[in-house]
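Derivation of every value follows stated rules applied to the coordinates shown; laboratory data play no part. Just so it is clear, the structure is predicted and the values come from calculations on it, not from any experiment. Virtual Cβ from ideal backbone geometry, glycine too; neighbours counted across all protein chains shown.
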Amino acid sequence: MNSERIKTLASFTSKDDIVLDVGCDHGYLSIYLKKNNLVCDVYASEISPKALEGAQNNFQKYNVKIKTFLSDGFKDIPVSFNTAVIAGMGTNTIIDILNNEHIPPKLIIDTHNEQAKLRNFLNNLGYALEKEVVIYEKGHYYNIMLFGKGHQKLKKKEILFGISNNQEYYLYLLNKNKELLKKVPLTKKIKLLYENHLLKGLTEKK
Ligand SMILES: C[S@@+](CC[C@H](N)C(=O)[O-])C[C@H]1O[C@@H](n2cnc3c(N)ncnc32)[C@H](O)[C@@H]1O
């Protein structure tokens, strides 16, 4: 529960937030928010009955009162909330969840793939990327992003690589692209070369 990722997700919340922890699984984020009194209130939801039962057991174990809901995304949530945390899922699942009329004005998102697609989707939906922190934990990079309601047109390089300004992460992407360049066909090479060009601009010391 003391993971850097959970703490970073929690650091994006504030006292006025009524949070829905979508896909709470073990419920560790919800517990962390409640125990540390970080938000106005927190609800936890799951699509999986088994995972929800696990969360409920943990809530008992850690002695926190958190209302839970069995729901696919926002579909069966009978309470109102102004913030959703959607973490630890892939971009396509997150987009499915966000294709709903009841999206709250504040979103805290950690997707483990296709971050550019997610940034682009939310920008087009009228959400602004306000903050992004990339952390490295257990051999993986995690992009933790905060979106708020608002008009914004992110630049191409911001869509592709985010706004974290984490130089180690950019270098990791650059090296990954270099490796891919050796393997992919010519048509994809052009796209990667363009991305490398943008990444070099972000990593070169000014
Ligand atoms: C890898 S866990 C992440 C748990 C936690 N959010 C975290 O970041 O540590 C992903 C969880 O999302 C749940 N999930 C997947 N699709 C969902 C959906 N459409 N609505 C609600 N929960 C979903 C899964 O059942 C699973 O427990």
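A few remarks follow.
- Multiplying the residue separation of Glu137 and Lys15 by 0.36 nm and subtracting their alpha-carbon distance yields 41.3 nm.
- Lys, Arg +1 and Asp, Glu -1 on Cβ, resulting dipole of the chain about Cα centre, debye, nearest 20: 940
- Taken along the Cα-to-beta-carbon direction at a fixed 7 Å, the label points for Ser48 and Lys149 span 3.3 nm.
- Residue-averaged [θ]222 nm for the chain, counting only DSSP H segments that reach four residues, each worth -39500 (n - 2.57): -13000 deg cm²/dmol
- Anchor Lys61: lysines whose Cα lies under 16 Å away (excluding residues fewer than 8 positions away in-chain): Lys34, Lys35
- Note on region 166-206: with charges restricted to the Cβ of Lys and Arg (+1) and Asp and Glu (-1), its dipole about the Cα centre is near 180 debye.
- Relative contact order of the chain, taken over Cα pairs closer than 8 Å and 6 or more residues apart, is 15 percent.
- Positive-pole candidate from Tyr62, Tyr172, Gly90, dipole of the chain, charges at beta carbon: Tyr172
- With Cα atoms defining each centre, region 88-118 and region 151-179 are spaced 18 Å apart in the structure.
- When +1 charges are put on Lys and Arg Cβ atoms and -1 charges on Asp and Glu Cβ atoms, the dipole computed for region 80-189 relative to its Cα centre reaches about 620 debye.
- Considering only Cα atoms, the convex hull volume of region 100-201 works out to 117 Å³ per residue.
- Projected-area mean, region 4-153, by convex hull of Cα positions, square nanometres: 8.3
- The antiparallel fraction among DSSP beta bridges confined to region 54-161 stands at about 75%.
- Charge sum, other residues only, whose C-beta stays under 11 Å from Asn92's C-beta, Lys/Arg counted +1 and Asp/Glu -1: -1
- Positive end of the dipole of region 90-173 (Cβ unit charges, origin at the Cα centre): among Asn143, His102, Asn124, the Cα lying farthest that way belongs to Asn124.
- Reach of Lys138 by Cα under 21 Å, taken over lysines that are not fewer than 8 positions away in the same chain: Lys7, Lys176
- Other residues whose C-beta falls under 12 angstrom from the C-beta of Val19 contribute a net charge of 0, scoring Lys and Arg +1 and Asp and Glu -1.
- Under 14 Å, Cβ to Cβ, from Glu46 - net charge with Lys/Arg +1 and Asp/Glu -1: -2
- Using a simple spin-label model with pseudo-atoms 7 Å out from Cα toward Cβ, Asn120 and Lys65 lie 4.7 nm apart.
- Positive-end residue, the chain charge dipole about Cα centroid, Cβ charges, pick of Ser14, Gln152, Ser71: Gln152
- Zone residues, region 50-86, relative to Lys35, backbone N less than 15 Å from point 7 Å out along Cα-to-Cβ: 55-66
- Nearest-0.05 FRET efficiency for Lys183 and Thr203, computed from C-beta distance (R0 30 Å): 0.85
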